[in-house]
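Worksheet for the structure shown next.
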Amino acid sequence: MMLVTNTLARFWESAADEQERIIAAMTAAIPDLRPDSTVVIDGVCLERGGAYIFTGKRDVTGVLQVHYRASGLRGSAITNRPRAEPRGLRLFTFREPDIFPYGPNLIVFDARRGESHRLVDRARALRYFSASGFSPGEDCPAGFAWRGASPPID
């Protein structure tokens, strides 16, 4: 039992360390945010052996609001392939998809490269995601929460 507990604790410790790394890189790349901004985290597998770095919009939104001290901020993390729809970026995390309207306040933070990208329109979203090269379904190890939890959005 102790071996199992220690193994699980290491996963949670690794996830917490990775979350701190991502937050530090994000706040360095995006030092200021308008209070009505949305940040979508891309390029990171969100699970470490059953421990979560972020659980999608709930965690990312909370992190943004705390670190930038603005209650109107929204956020999410890419857990399935996003869809660049005409009216906004469509993300599916758990149950219902979210649509984030394009504009100067929709920002994707590429956690692998430490870069931010403003998705001001559909064309920029399509360019970013075609060049991103990150696909959670293919790039992340199968986990008990993300893989198979929702239909792919292609």
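All of the numbers you see were taken from the coordinates with simple rules; none came from a lab. All of these numbers come straight from a predicted model, not from anything done at the bench. For neighbour counting, all protein chains shown are included, and Cβ atoms are generated from backbone atoms with ideal geometry for every residue, glycine included.
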Translational diffusion coefficient, Stokes-Einstein: compute it for the chain using the Kirkwood radius over C-alpha pairs as Rh, at 4 °C and 1.567 mPa s, and state it as an integer in µm² s⁻¹.
-> 82
Compute the relative contact order of the chain as a whole-number percentage, counting only Cα pairs closer than 8 Å that sit 6 or more residues apart in sequence.
-> 25
Here, residue 99 and residue 55, labelled 7 Å along Cα→Cβ, have an inter-label distance in nm of 2.7
Build a GNM of the chain with springs between Cα atoms under 10 Å: which of 32, 121, 42 gets the top mean-square fluctuation?
-> 32
Relative to the longest principal Cα axis of the chain, at what angle does helix 57-68 sit, 0 to 90 degrees, rounded to 10?
-> 70
C-alpha long axis of helix 122-132 to longest principal axis of the chain, angle in ° = 40
To the nearest 500 deg cm²/dmol, what mean residue ellipticity at 222 nm is calculated for the chain from DSSP H runs of n ≥ 4 alone, each contributing -39,500 (n - 2.57), summed and divided by the residues?
-> -11500 deg cm²/dmol
